[in-house]
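For reference, the structure discussed in these notes is given below.
Just so it is clear, none of the values below were taken in a lab; they were calculated from the coordinates. Keep in mind it's a predicted model, so treat the numbers as computed, not measured.
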């Protein structure tokens, strides 16, 4: 059963992979503000990813300081 971006099968609930594909193809931040927006979107997956904050630390580090933003 699909519901609000989740797939429920038996007693297991997991995120719908099509959401991940959509994010990959539609969210390439060019500014820090756009990166904050992307982080807000991917934060939805936090309950499904162990050590989420560790895994996105390289992304969140790009928001620190007054350095010029470069997405690579």
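Pick out which of 56, 23, 12 has the largest mean-square fluctuation in a Gaussian network model of the chain, springs linking Cα atoms closer than 10 Å. In the Gaussian network model the winner is 12.
Report summary: the helix-based calculation at 222 nm, which adds -39500 (n - 2.57) for every DSSP H run with n ≥ 4 and divides by the residues of the chain, gives -10500 deg cm²/dmol. For the chain, the longest principal axis of the Cα atoms and the long axis of helix 17-26 meet at an angle of about 20 degrees. Rounded to the nearest 10 degrees, the angle from helix 32-42 to the longest Cα principal axis of the chain is 20 degrees.
Computed from the alpha carbon atoms alone, the convex hull of the stretch 20-72 holds 81 Å³ per residue.
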